[in-house]
Each structure stands twice: as structure tokens, then as C-alpha cells.
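Encoded as C-alpha cells, the structure appears first; notes follow it.
The values are calculated or read from the model by the stated rules, or taken from the named source; none is laboratory data. These numbers come from a predicted model, not from an experiment. Cβ: placed from backbone, ideal geometry, glycine included. Neighbour counts: every protein chain shown. Please note that ligands, DNA and RNA were not included when accessible areas were found on the heavy atoms of the full protein model with its side chains. Shrake-Rupley method; radii C 1.70, N 1.55, O 1.52, S 1.80 Å.
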Amino acid sequence: MITVFYDDLLQLLKHILLKTGFTPQESVLCAKIFADSTLDGYHSHGVNRFPVFLKTITDGYVKLGERPELELALGSLERWNGKLGPGPLNAHFCMNRAIEMAKAGGMGCVALQNGSHWMRGGSYGWQAAEAGCIALCFTNTMPNMPSWGAMDANTGNNPLIMAVPSANGHIVLDMSLSQFSYGKMEKYAMEDKDLPFDGGFDSEGKPTKDPKAILETKRLFPTGYWKGSGMSILVDLLVTLLSSGKSTAQIGELEAEYGLSQVFICFDAQQLNENQRHQQLVDEIINYVQAATPEKEGRSIEYPGSQTKKRRELHLKEGIPINEGVWSELNALLNESKTADG
């Protein structure tokens, strides 16, 4: 591992994106989304995924220069066509639009068809919380997880994000509906480590902590077994119906993962609970959770987003640990772009 400071990472990603064909404004925003994910400790959907993201563009699955287009407006619901534009940019746009609608009328729901991988879904939960909004967003994926009791991948590990703003640190849950996301397992495999808990089945049908074995079989455990399986099916139904876009079944017929369906929902916290009422209610719940006796002496009780905040502060101060091979690959991408430019 090597240590890289945030500003250096941000500048490198921005220059690669500029060379790839993004506009200056798009390069800054997209680089920030990837850099922030890495800063927060989510390398699996930050720098580790960046070369894959670029390949979806060079392979033609993601289209540069496309902007979301409004297709339907029904009160507090809007449906947009992402036109296969870059996933992080489309998702940021949709969450921003949901925030605007929430500020104007209390709540807003934006459904997106023809999207692409949004990378770290939590980015958009933090985006909403920073704007003072309670948020919920979710996406479908290619079929990459067996439903409970199935042998074949017939549903997605469809990520679900929930966010609540708080003056003492936003509460943001970002979870895939598999016990471990593919990105997380790839990170463990890259580091040649076992998962902390069983995450799926090996080739003999036995539960295993070996991420390489699970990546090979593609037989992930749904989060909460049959419960996560049921949630993944319902997420697919909701995003498909609200966006009138592609379902996991349709995405599975494509040669790659693109054309995803996504939903972004926001509520303006200030309008729901004026003055200090919102913070009082948040503090009441979080303080109650953290007052529990820790399982191990000396450990604190965490809540969704609390460890992210700690990692962010630490990495801003001391730098971000990044796999040396990944850092070399990023620099090679920049050099390749410069060579292509002559």
C-alpha cells in the first residue's frame, strides 16, 4: 500500500477524465465522486473501480455527451431518461433534482431509466444529507445473485441507500442486498484475505469465507438470507415500474451491465420538523443506540455513517492508503491518454 493525499488523487482522476473526453465541469464532479468514495474508505467503488468505469466508456456501453431528458412529470414524481450517460453524473443530477423538488414542495421522487452503474450509492445519500434532506435511493443491477433457494443468479444485489441529516454527523446507510458486495469481495480477494463472515457458496455448495471461490461461483448469500432475497426482488419491481425502464431480467439479456433503472426520493427535513425538532429526534435515537453496553470493552457502538466520518477525517489528515498496483494503473491510464494525444 502507498499513501496518497486527497488533492493529489482528485487532480489525477480529473486529468484522466479530461483526456477521456469529459467536459471540465463533468471531470471535476466525476473525479470528486470517485475521490470522495476512496477518501471514505470505499476503494471498491472508488479508485479500484475507476479503470472499469473508463472501460465501459471505451467499450461503448456508456455514452459521453448525453444529458438526462425529462419524460414524465406527475406532481412530486418525475421520470427521466439517462440515455446511457455516465452513471455517477446521472445519479448526481437525479438526486439534485429530487432535492430541488423536496425544497419546493416537501418531497420529490425522481425515477431514472437507461442509467448506468452509479458506483458508490452512498455518495447520493451523503449528497442529500448535506442538503438537509432525508433520502432513500435504490437501483437494480444485472442478475448477479441467486434468489433464496435458487442455484442460478436470477436477481440482483440491488443496492439500497437511506440517509438522515444530522448536525452531529449524518446517518447514511449504504448496503447491497448481498451479504458482501462484489466490489467488497474483489477488494478482499485483491488483498488475499478471507471475508470476516461466510459470504456465499463455493463450487461444492458449501458456505465459505473465501471471496475468490464466491466470485467464481457467483452464488452470493443475500443479506439476511430469504429476507434480502425478497427485498432484492421488490427493489427491482419498484425501480422498473417507477422508471418504466429495464428490469434485472432484461439487463441480464445484454452483453454487459448497462441500461439500469434507479429511483431517488427526498424529503426536506426542515419543512417536516421546524427549528430544533429534527435534531432533537435524531439525537434521541442515536444517543439511545450508543448508550448500549458494548459487546467488547473499549469499543464504541457505531451507527450507519459514523465510521465513514472517522475514516474521512483520518485520511484527510494522514493521507489515503491505496493499493500500489491500482495507483500504478491510474498513472498508466493518464500516460496512455497523453500518448494518444501525441
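Identify all residues within the stretch 164-186 that are open to solvent by 50 Å² or more (accessible area, probe 1.4 Å) and either more than 15 Å from residue 123 (Cα to Cα) or touching a His at 6+ places or on another chain (Cβ under 7 Å) (or both); write none if there are none. Result: 167, 168, 179, 184, 186.
What about residue 118, is it part of a loop (DSSP other than H, G, I, E, B) and buried (at least 19 other Cβ atoms within 10 Å of the Cβ)? Here the answer is yes, as residue 118 does meet what is asked.
Checking each residue in the stretch 259-275 for being open to solvent by 30 Å² or more (accessible area, probe 1.4 Å) and either assigned to a helix (DSSP H, G or I) or modelled with pLDDT under 95 (or both) picks out 270, 271, 272, 274, 275. Which is surrounded by fewer than 19 Cβ atoms within 10 Å (Cβ to Cβ) and either modelled with pLDDT of 95 or more or not hydroxyl-bearing (Ser, Thr, Tyr) (or both), of 106, 87, 82? Step by step, each of 106, 87, 82 is checked, and only 106 is surrounded by fewer than 19 Cβ atoms within 10 Å (Cβ to Cβ) and either modelled with pLDDT of 95 or more or not hydroxyl-bearing (Ser, Thr, Tyr) (or both).
Mind listing just one residue for me: the one in the stretch 181-204 that is assigned to a loop (DSSP other than H, G, I, E, B) and at pLDDT below 90 and, of those, nearest to residue 234 (Cα to Cα)? My answer is 181. The residue of the stretch 214-225 that is nearest to residue 324 (Cα to Cα), among those that are part of a helix (DSSP H, G or I) and in contact with a Gly (Cβ under 8 Å, 6 or more places away or on another chain), is 214.
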